[in-house]
Structure formats: structure tokens, C-alpha cells
1. I'd like the full set of residues that are assigned to a helix (DSSP H, G or I), surrounded by 15 or more Cβ atoms within 10 Å (Cβ to Cβ) and within 22 Å of the chain's Cα centre (by Cα), limited to region 446-460.
2. Restricted to region 180-207, and to residues that are of a type in the set (V, I, T) and closer than 23 Å to S80 by Cα, which residue is surrounded by the fewest Cβ atoms within 10 Å (Cβ to Cβ)?
3. Please go through region 310-328 and give me each residue that is of a type outside the set (A, V, I, L, M) and over 15 Å from Q141 (Cα atoms), ordered by number.
4. Output the number of residues of region 182-236 satisfying the condition of being basic (K, R), touching a Ser or Thr at 6+ places or on another chain (Cβ under 9 Å) and over 30 Å from E45 (Cβ atoms).
5. Report the residue count in region 267-312 for those that are under 23 Å from W358 (Cβ atoms), β-branched (V, I, T) and at pLDDT 85 or above.
6. Among the residues of region 241-266 satisfying the criterion of being of a type in the set (F, W, Y) and loosely packed, with under 15 Cβ neighbours inside 10 Å, which is modelled with the lowest pLDDT?
7. Answer yes or no: is there a residue in region 412-428 that is under 22 Å from L281 (Cβ atoms), surrounded by fewer than 21 Cβ atoms within 10 Å (Cβ to Cβ), aliphatic (A, V, I, L, M) and within 31 Å of the chain's Cα centre (by Cα).
8. Quick check, is A175 of a type outside the set (K, R), within 24 Å of T109 (Cβ to Cβ), surrounded by fewer than 23 Cβ atoms within 10 Å (Cβ to Cβ) and touching a residue at least 60 places away in the same chain (Cβ under 8 Å)?
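The values are calculated or read from the model by the stated rules, or taken from the named source; none is laboratory data. Treat the numbers as computed from the prediction; the structure is a model and nothing was measured. A quick note on method: Cβ atoms are made from the backbone with ideal geometry, for glycine too, and the neighbour counts reach across all protein chains shown.
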Amino acid sequence: MEGDRDSLTRDSEPKIWREPAFYLLAVLVAVIYFSRIATLPIVGEEPRWARGAAQMLETGDWIVLRQQGNVFPERPPMSSWAMAVAALAWGDLDAVAVRLPSAFAIVLTCLLIYAYARSFLSSTGALVGGLAYGTFGQVLQIGRHGESEALFTLLLGGAILVWHLGYLRGWTQLATWSTAYFLAAVAALCKGPQGPIYFGAVVFIYLLIRRDWRWLFDWTHAAGMSVFAATIACWQVPYYLMTDWNAVHDTWAGLTKDRYMAPGFVQHVISYPIEILICLLPWSPLLFMFISRKFRELKTPAIYLATAVAVTFPSVWFAPLARGRYYMPLYPCLAVLIAVVVHRCATLAADAPAHRVWKGFMLLGSLTSITLGTGAIVVLLLPQTAEVLASVPPLMLIALAAIGFATASIQIWASRDSGLTRTAVASVAFAGLLGFTYTGPAIDVYAARWHDYEPDVAKMRAMIPEPDAMISLGPVNAGFAYHYRSFVREMPWPTKDSDLSDDIEYFFVMQYADDTPETHYVGRGRSWKTVPGQLPFDWEEMARLPLGRRVTENPTDILVLARVCRPESIALQSGSPAATSRR
């Protein structure tokens, strides 16, 4: 194993493709994120972007993101593009295709962290950085879903790390700026302005700190910005021509503006740093090592990483509606900082204060491993845990117990002496336990409690004489639209009988708890309004479908299949709430 290095020449670059640790990291993370990828039902924002991908495939329009044929200007279309491409390769836009982009993004991000960290750390340190990111609690939770965070992190985190990697390794300035700005542009096409703002601010402040005017004000920097502008323009120009300026504005600025104008500022400022530390468990306690002057004064790229965190954190810290996952693009930087700590501790003498901290972390990890193993045995033996046992197969619990106790033994062994080899073995074992715990028992518990209403949608579809020619009065829930598979034409909420053509007999309509006989909520995303609570014609309910995420929760959305019975009016029955700030 190699030690720290403050800089690299091209001749001294490590050949990472020759290192077993690189392939070990790739295999372990791939097993964690690709296994059981379709076990959980499609939830959260997954169906929204999946249905957008479906309309791209159905219509051939890959420029404008739409829901039920209407422009959906809440985010650029990169997430839906990725899902559509995955569907073409996989053969179907099912749960596998929806989640493949995220799984690949997590694996590639871990390998990028390894490549970056290898520029100044041992292969063990680089391995720990990749493992830490792949097993952060929040990454395990949302990284295997078809959300935008995993892909966004690969692109924006990639821009930040790739730029500095080129800076460290002496790549040509043109190649470094162009590659990094291209990644920042694609990140912007994934989730809006956060990508280019973060990248530009981090690099600008870092070069100011170093007073490296040759990089900051060189023509190659302008060339990189041109690459950024050209990449964005390839989508933005046709998007504007196909929509209007309001759609452009809402796509780039709508959600960002909402997050800064919400109440709860003081509470958020206090709680958000704690939330981030929880999201980064079990590795986040190691970041406190940077309180030590010995770690703060390291002459390594840790300075750049700390700058990236300091520059970007206020943007989410002072935004009352920001959630932990909004800072996920900087998790790779935090993972590398953790790798710096682990590498430094592992290469110190066993009696050094810093190494004693690493020893304490390993012992705490062994306690966690023992707790997981013991908990599995308790669930197996106590009859009171029958409900949990029903959702988790006994063999899964036995495996968790065995892996937990084995991992604890490895961690105790590793804590007895310093050294990179012991550190690598203990870190791989711990990451494997964390991955198995989530991929195995945790997913079983979630699968038992989450509401998979796809079979119910199929039953409802079978009740309709012409299921491919259905309409909805106002938008329908994105999850229902995804599982229904056929295009459902959205019609405006009717205010008089003649608003509904005579050839329409069946329709879908959403119901919410805030509905009353006088008012009804219609809308999606950021766009909601109230309409009269009565339909101007007689109708009868044929079926209703609760659409909540969990089986036991009070459903927030209810979809109703109805049939027109003209001509008398009848009040809409109330259902569950429709908050005007839905995402």
C-alpha cells in the first residue's frame, strides 16, 4: 500500500485498473445496488419521471417533459431521458429500467471517488472513500430508487472532483475545463441551476484562495464555459421554441424560489447540520477528526474538499425547505474527507492519539455489528416479533446474525494494531454488513409495509371497455398514470354539462381530504387550484383506489373510476388532502 502524496505527475499516476481494490469496490457496490432492484414498489418521485419517460417513448418528443400530454415545467428532462434509454435497452419501462440509471450512477460515483482519492491516498484510503459513499445511510435508502439524486450526484460531484483531478494531475487546462463544465451542464439538465452554481462557486473560490490567476483567467476557462453554454443550448433552444418563456422560467427557477421563501428558518438552521450527520451515518463521526489541527493542516486536496463543503453548504443550510438529500451531490467530497481520516489514522503508530480514535470507531462499529446480529436472533426466537418475522425470511435473519458476528470479530481484530491491510479488511466487512442489512431484511420490511397498487390498477383497467381511450377530469396521480401504462388524456374540470362531450362515458377523477361539496383541488407538482366541488352531471362510482405510499397510512390521494349518468348533478365525495405544495 502506498502512502500520502501531495501531487502527482503523469508518470507517477497510479494504474487503478491494475489494483484489486478498484474491482473489489466495483463488485461490492454493484451487488448492493443491483440486487433486488425491483422488489420495492415504485414510490415517491419515481413514477413522475418514469411517466415522463413513457411519454417520450410514446410520442418521440424528447425535448418537452410532459404529464398527460401537458408541459411539466418543474425540472429539465435528464432523469426521464436516462429512464427512457434504460427502457430501450432493457425492453420495458418497468421498475428495473426506472432504477437502473440510479444503480449505475452509484457504482460509477464510488469508482470516481476511488480514482480521485488515489491521487493522494493509498489504495486502502481510496477504497474506504468509495465504500463510505456507497454505504452512507441516505445513499443506501434513496440510491437504489429512480429518483434524480444518484444521477445528479454523479454529474455534479463528478464535475467538482474531475476538475480538481485534472488540476492535480497536470491535465491540459482545455481538457480539464471542458470536461468539468460539460459534466456541470449535464447536471443542470438533471436538476436545474444547483449544478453549475455549485461547480462555478467552488472552483472560483478555490482558485482565489490559491491565487492561481493563470487557471482562473485563462482563455481555456472561457472555452470550458462555451462548452457548458453549448450543451445547455442543445436542449434549451428547442425547448423554448416548443413552449414559452414562462415554462423556461419555471423549469429553472420555480422549485428553488419556493424553498427559500418558506417559513421555519431558525428551526431549519439548527436542525439541518444534525440531519446531514445522520444521513451520513455510520461514517460521519470520523469527520469530527478535522477539529484537530493535525488534520486541518494536511497539505493535501483536503483543502479543496473543505472549500467545496464550506462554499456550498449555506445554500441548503439557509433554505427552510431543503432536505438532506438536496446536499447529496457533495457527499462524494465528504466521503473523500473520511478517506483522508481513515488513511491517516491507519498509517500512524498504534499508540498515536489519532489511531486511538480509529480504534474507537472500529470498536463502535463492532458494537453495531453485534447489535445487528443479536437483533436478528431476538427476532427469530421471540414470538412477539412474529409480525417482523413474517416479512423477513428466517434464513435472511440467520444470515444477518452470522455476518454481523463475523464482521464484529474482524473489526475487533483490526482495532488491535495499525496498518492499511487490517483497515481495508475491516472496512470491506463493515460495508458488506451495511449493504446486506439494507438490501436484505430492510427491503423485506419495506416491501411488506409499502403499498404496491399495481395489481389493483390492473384490476381497475379490466373493468373499462376501452382502457386505451380513457380521460381524466383534471390530472391523475403520477403513480397511477405510470402503472396504468396507457395514455390518459387530461381534460379541464367541467363547469357545465356541455363541457363533457357526449361520447365520454368513463373517466378518472382524483379525490382529496380537503375537498368539499363547494371546492375541489386539481393540479400536480407546483400548480394547484380550486374548482367547483360539484360535477355538472350525474355520475356513479365504479371503483376507488387509495394511492398512499404505505399500506397502513391514511391515504392522501384516492383515484376514482366513474361512469357518466346524465343529466343530474351530484356533489363530489370528499377524499384526502391535496396540498398546493406537492412535489
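1. Selection gives Y446, A447.
2. Filtering region 180-207 for residues that are of a type in the set (V, I, T) and closer than 23 Å to S80 by Cα, the one surrounded by the fewest Cβ atoms within 10 Å (Cβ to Cβ) comes out as I197.
3. T312, F313, P314, S315, W317, F318, P320
4. Step one: list which residues in region 182-236 are basic (K, R), which gives 191, 210-211, 214.
Among the residues that remain, those that are also touching a Ser or Thr at 6+ places or on another chain (Cβ under 9 Å) are: 191.
The next check asks that each one be over 30 Å from E45 (Cβ atoms); those that pass are none.
Number satisfying all stated conditions: 0.
5. Step one: of region 267-312, the residues under 23 Å from W358 (Cβ atoms) are 276-303, 305-306, 309.
This time we only want the ones that are β-branched (V, I, T), so: 276, 278, 291, 300, 303, 309.
With the extra rule that they be at pLDDT 85 or above, the set shrinks to 276, 278, 303, 309.
The qualifying residues number 4.
6. If we filter region 241-266 for residues that are of a type in the set (F, W, Y), which is where we start, we get 245, 252, 260, 265.
Filter once more, so that each one left must be loosely packed, with under 15 Cβ neighbours inside 10 Å: 245, 260, 265.
Details: W245: 92, Y260: 55, F265: 81.
The extreme case among them is Y260.
7. yes
8. So A175 does not fit the description; no.
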